[in-house]
Amino acid sequence: MTKAERRELQERQRAAKATGKTAAPPPPVNAKPGASRPSQPPTPASPAPKRGSQARGTAPAGATTGKGAKDAKSVAEDAVVRSRGLRIFSHFALQRTVAHAKGDVHPAIVHLGLMFAEFKVSGANARCIATLSVFKQVIQDYTTPTHNTLTRHLNTHLSVQISHLVSARPMAVTMGSAIRQLKLEISGSDIDLPEQDAKDALCHKIDNYIRDRIIIADQVIQETATKKIHDGDVILTYARSSVVENVLLEAWEEGTRFSVYVVDSRPMLEGKRLLSVLVAASIPCTYLLLPALGSVITEISTVFVGAHSIHSNGAVYSRAGTALVAMMAKQHSVPVVVCCETYKFSEGVQLDSFTKNELAPNGDLFSSFPLTRPRGSLTLQNQTNLEILNPLYDLTPPSSITAVVTEVGVIPPDSISSIPLALGRQV
Amino acid sequence: MAPESHSSGSQRAVETLAAKLRRRQVLGSRETALETVLVLRQVVSKARFTNIHQLVEIIRGVGRKLVEAQPKEHTVGNTVRKLLHHVREEYNNASKGTAASAANVFSISKFVLQGQPRKQVTAQKAESALVLREDDPDDPDSFARTLKPVLMEAIQVILDELETVYENISKSAKDHIHSDEIILTIGKSHTVETFLKSAAHYHNFTVIVAESGPSYGGHDMAQSLSSAGVSTFLVPDSSIYALMSRVNKVIIGAHAVLANGGMYAITGSLLAATAARAHSTPVVVCAGQFKLTPLWNLYHEYGALDFADPSSVLGFEEGDLVDKVDVVNPFYDYVRPDLVDVYITNDGDHPPPSIYRIIKESYDDEDNEL
């Protein structure tokens, strides 16, 4: 049997398998069958042996038995490998379809959910502020049912809203810690307070949280970080972080003269937006895609990046590509400074980018390709044997981070674990 | 007879190729090498010379012209060097074969004098029937007439090598990849593509293709691999680090392999190789021998100072940004020898530190500068 014949045979079997699949009920692992990869759901155990026998049956009589057996084996292996490839990435499955509002979901939450799902609101800070502001509205529109108290019932009401938001896009760590704080406030609020007063008090608490933990924190970080930028520096930043953007703008306003390299990459290409902001402030900018990083890294004096969250071992969970930038910078002895508010600290430890991640939607959602090639040739779709993965985050190990700028000061990544305690977190 | 008239046809061929190179109409190192050989064949077949020096000078002249047209396409120079090496070898075969073959005794002094481990076989196989008469005043063409057939054979050998280079590299593919591995590659390389496809006949493995912006050659690569039945994942360059912890091997192609064991490769290769090093993942480079370049002290920064079109990074649809921003879009990365574990060539596998030896064997020192 020639290679071509063998290949043809495999293709035929694959086709047979695919048709068998569509008839079969959707596998339990992938909750949304129509989601992103209809062609290859995780293989149930049954087809492999069946296909093995099929292969032996269809093998031409002239073929030696050894070849035939090998062929059958390889086909069976094929199925195993494919399903394994899926299994590796299956847990950060993409939740595309925004679930229909289940239960008593506030219209503002539905709206926000759509914004999240379409990445109209993205970025840890922006999502957290948006969520809290909408929650204020939800709380104001809330009336305690009879035979219940606000302290007890509001939390369950909020949980419904939260699960709707999570169905739109996995929750950001920032949202998590803000919501935890809010729930704590709700259950701690005075049971005898008139309802309107209690709601006002909660809204006030939310405003305070946004002000203290995000806005003021950012201002302090900006003040600290701008001191690290000097005249003649060449600053490199990756993607777009609201904090880094403000740091650069403020340093420029203060009269420091430096230039900025904006590194960017698919799938989001957020750096372009940062670039337009910086250019509008007439900061001299250079724009490059991530692969070209190796060529420019030698000219950089400091790397500034933002973070989605930071783990207690000092690992920074941030936009995919940050780890590459930090790694290259570290190799060339360029300091890597992470700007991160303390409310982004997350208590767990994550060892690699696999345990938790999120996928960006397929296709050219962000209109990110320059129009030098026909778009059709660049936006591939999933097909047999081909899957498109766009992880949104990666984990930068603490070893490639020089310092973390927080509102409580500049600290080395190893000391992250002491900060929540120092801030007075109740154990 | 006018001394230059003979070359008008081949002259035109040289000019055409030089123009094509200058305009980057010939892309891909093997394509360039093939075109160069074809032009050289034309040149040699039309050339008139009465001694070896004239012949060498003619070939060199053509080589210089082509290399100047596109100095970053190293395979052009390599092909010319290879041909010169073959020319000298054939000449030595023919001329020294008639002379006594007592030179085959190994002595350390000769080794030192020679300065390079040139293959010692020259004298033995020369049962040559050729009788070379250089600078024969009676019959000036006799030298060329006797040498040309062997030269044509030599050129054919180079041509054959180029035509089978992918197959020969892929021969060992099944030994380098085993079942259930996860391979990461970046961009599109014909060599790697053939290599992976040939390994796919024996094993089932998964390939993760990084798309390598701004050319996004990875899309074509992923398309081609998946249609050949290889389980393929296409990922953006940004997730190389994130995925590296699950990758068993990084297999990439090269643009040119340098004498120090480093290489030029498509931009992004440096990132992939460094990330692989950070995770102790082996880096395998597939490259034909025609990519071996006897240079090393080149412009390493800025990816060999060769830039592609910036509009593919920041398109003109970005209106007001375009004229205020510098855009960097290099073609190649320089990957240091310590980041590469092995070079798989059509002549076996070699670790980076032994590249210089192969280069010494396949080219003559005096041709390093054409």
Exercise. Among the residues of region A:267-275, is there at least one that is over 21 Å from A:Ala403 (Cα atoms) and open to solvent by 30 Å² or more (accessible area, probe 1.4 Å)?
Worked result: yes
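Could you tell me which of the residues A:Leu248, A:Leu290 is crowded, with 24+ Cβ neighbours inside 10 Å, facing chain B (nearest Cβ under 8 Å) and among the aliphatic types (A, V, I, L, M)? Even if it seems obvious, please write down each step before you answer.
Numbers: A:Leu248 fails: facing chain B (nearest Cβ under 8 Å).
Just one listed residue meets the conditions, A:Leu290.
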For this session: Select from region B:321-370 the residues that are farther than 17 Å from B:Thr75 by Cα, open to solvent by less than 60 Å² (accessible area, probe 1.4 Å) and assigned to a helix (DSSP H, G or I) and list them in ascending order.
Result: B:Leu321, B:Pro337, B:Leu339, B:Pro352, B:Ser354
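Considering only residues that are in contact (Cβ under 8 Å) with a residue 60 or more places away in the chain and more than 15 Å from the chain's Cα centre (by Cα), look in region B:64-84 and name the one that is farthest from B:Val157 (Cα to Cα). Walk me through how you get there before you give the answer.
Filtering region B:64-84 down to residues in contact (Cβ under 8 Å) with a residue 60 or more places away in the chain leaves B:64, B:67, B:72, B:74-75, B:77-84.
Imposing the further condition that a residue be more than 15 Å from the chain's Cα centre (by Cα) reduces the set to B:64, B:84.
Working: B:Arg64: 22, B:Leu84: 13 Å.
In this case the residue turns out to be B:Arg64.
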Seminar exercise, completed: For B:Ala304, the lone unmet condition from (1) open to solvent by 10 Å² or more (accessible area, probe 1.4 Å); (2) modelled with pLDDT under 80 is (1)
Exercise. Looking at region B:307-318, is at least one residue buried (at least 17 other Cβ atoms within 10 Å of the Cβ), more than 8 Å from chain A (Cβ to nearest Cβ) and in contact with a helix residue (DSSP H, G or I) (Cβ under 9 Å, 6 or more places away or on another chain)?
Worked result: no
Problem set entry | Scan of region A:401-426 for residues that are touching a residue at least 12 places away in the same chain (Cβ under 8 Å) and in a strand (DSSP E or B), ordered by number | A:Ala403, A:Val404, A:Val405, A:Thr406, A:Gly409, A:Val410
Exercise. Give me the pairs: first residue in region B:319-338 and closer than 18 Å to A:Glu299 by Cβ, second residue open to solvent by 40 Å² or more (accessible area, probe 1.4 Å) and of a type in the set (A, V, I, L, M), beta-carbon distance under 7 Å, and six or more apart or on different chains, which are they?
Worked result: B:Tyr332/B:Ile266
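Given A:Ile411, A:Ile419, which one is farther than 30 Å from B:Phe316 by Cβ, modelled with pLDDT under 85 and away from chain B (no Cβ under 11 Å)? Walk me through how you get there before you give the answer.
On the way: A:Ile411 fails: modelled with pLDDT under 85.
Of the residues listed, the single one that is farther than 30 Å from B:Phe316 by Cβ, modelled with pLDDT under 85 and away from chain B (no Cβ under 11 Å) is A:Ile419.
Considering every residue within region B:276-288, establish whether at least one is under 25 Å from A:Thr286 (Cα atoms) and either surrounded by 21 or more Cβ atoms within 10 Å (Cβ to Cβ) or not assigned by TED's automatic domain parsing to the domain that holds B:Val207 (or both).
Taking region B:276-288 first, the residues under 25 Å from A:Thr286 (Cα atoms) are none.
No - not one qualifying residue is present in region B:276-288.
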Exercise. Cβ-Cβ below 6 Å, separation at least six or inter-chain, first residue in region A:181-203 and over 21 Å from A:Pro420 (Cβ atoms), second of a type in the set (Lys, Arg): which pairs?
Worked result: A:Cys203/A:Lys136
Exercise. A:Ser189 versus (1) modelled with pLDDT of 90 or more; (2) more than 30 Å from A:Glu358 (Cα to Cα); (3) crowded, with 16+ Cβ neighbours inside 10 Å: which is the lone unmet condition?
Worked result: (1)
Exercise. In region B:340-370, which residues are modelled with pLDDT of 90 or more and of a type in the set (Gly, Ala, Ser)?
Worked result: B:Ser354
For this session: Output the number of the condition that B:Ser226 fails; it satisfies all remaining conditions of (1) more than 8 Å from chain A (Cβ to nearest Cβ); (2) farther than 21 Å from A:Ala292 by Cα; (3) part of a helix (DSSP H, G or I); (4) open to solvent by less than 20 Å² (accessible area, probe 1.4 Å).
Result: (1)
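Taking into account only those residues within region B:253-266 that are more than 12 Å from every other protein chain (Cβ to nearest Cβ) and out of contact with any Leu (no Cβ under 7 Å at 6 or more places or on another chain), which is nearest to B:His201 (Cα to Cα)?
Filtering region B:253-266 for residues more than 12 Å from every other protein chain (Cβ to nearest Cβ) gives B:253-263.
Now restrict to residues that are out of contact with any Leu (no Cβ under 7 Å at 6 or more places or on another chain): B:253-256, B:260-263.
Values: B:Gly253: 20, B:Ala254: 24, B:His255: 26, B:Ala256: 28, B:Asn260: 34, B:Gly261: 30, B:Gly262: 31, B:Met263: 29 Å.
Once the filter is applied, the top-ranked residue is B:Gly253.
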For this session: From B:Ser189, B:Ser142, grab the single residue that is touching a Lys or Arg at 6+ places or on another chain (Cβ under 8 Å), over 23 Å from A:Asn382 (Cβ atoms) and either surrounded by 16 or more Cβ atoms within 10 Å (Cβ to Cβ) or modelled with pLDDT under 90 (or both).
Result: B:Ser142
Exercise. Could we say that B:Ala210 is within 9 Å of another protein chain (Cβ to nearest Cβ), buried (at least 24 other Cβ atoms within 10 Å of the Cβ) and free of Cβ contacts under 8 Å to residues at least 24 places away in the same chain here?
Worked result: no
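For every residue, the table says whether it meets (1) touching a Pro at 6+ places or on another chain (Cβ under 7 Å); (2) without any contact (Cβ under 8 Å) to a residue 60 or more places away in the chain; (3) within 10 Å of another protein chain (Cβ to nearest Cβ).
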residue: A:Arg273; (1), (2), (3): no, yes, no
residue: A:Ala281; (1), (2), (3): no, yes, no
residue: A:Cys285; (1), (2), (3): no, yes, yes
residue: A:Val305; (1), (2), (3): no, no, no
residue: A:Ile310; (1), (2), (3): no, no, no
residue: A:Gly314; (1), (2), (3): yes, no, no
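Tell me, please, whether a residue that is part of a helix (DSSP H, G or I), at pLDDT 90 or above and under 18 Å from B:Tyr216 (Cβ atoms) can be found in region B:275-292.
To start, the set of residues in region B:275-292 that are part of a helix (DSSP H, G or I) comprises B:275-278, B:289-291.
If we keep only those that are at pLDDT 90 or above as well, we get B:275-278, B:289-291.
Then drop every residue that is not under 18 Å from B:Tyr216 (Cβ atoms), which leaves none.
No, that holds for no residue.
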Exercise. Which is in a loop (DSSP other than H, G, I, E, B), over 16 Å from the mean Cα position of the chain (by Cα), surrounded by fewer than 24 Cβ atoms within 10 Å (Cβ to Cβ) and not assigned by TED's automatic domain parsing to the domain that holds B:Ser29, of B:His178, B:His219?
Worked result: B:His178
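Conditions tested, residue by residue: (1) in a loop (DSSP other than H, G, I, E, B); (2) more than 14 Å from chain A (Cβ to nearest Cβ); (3) in contact with a Lys or Arg (Cβ under 8 Å, 6 or more places away or on another chain); (4) buried (at least 24 other Cβ atoms within 10 Å of the Cβ).
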residue	(1), (2), (3), (4)
B:Lys197	no, no, no, no
B:Pro214	yes, no, no, yes
B:Ser238	no, no, yes, yes
B:Leu243	no, no, no, yes
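The rows are residues; the columns are (1) out of contact with any Leu (no Cβ under 7 Å at 6 or more places or on another chain); (2) within 14 Å of A:Val338 (Cα to Cα); (3) at pLDDT 95 or above; (4) assigned to a helix (DSSP H, G or I).
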position	(1), (2), (3), (4)
A:Val243	yes, yes, no, yes
A:Gly255	yes, no, no, no
A:Val277	yes, no, no, yes
A:Ser282	yes, no, no, no
A:Leu293	no, no, no, yes
A:Val296	no, no, no, yes
A:Val303	no, yes, yes, no
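Can you pull out the residues in region A:381-397 that are surrounded by 19 or more Cβ atoms within 10 Å (Cβ to Cβ) and in a strand (DSSP E or B)?
Let us first name the residues in region A:381-397 that are surrounded by 19 or more Cβ atoms within 10 Å (Cβ to Cβ), namely A:385-397.
A:Leu386, A:Glu387, A:Ile388, A:Pro391, A:Tyr393, A:Asp394, A:Leu395, A:Thr396, listed by residue number.
The values are calculated or read from the model by the stated rules, or taken from the named source; none is laboratory data. Not measured: the values here are computed from a predicted model. Cβ atoms come from the backbone with ideal geometry, glycine included; neighbour counts cover every protein chain shown. Just the protein is used for accessible areas: all its heavy atoms, side chains included, with ligands, DNA and RNA removed. Shrake-Rupley method; radii C 1.70, N 1.55, O 1.52, S 1.80 Å.
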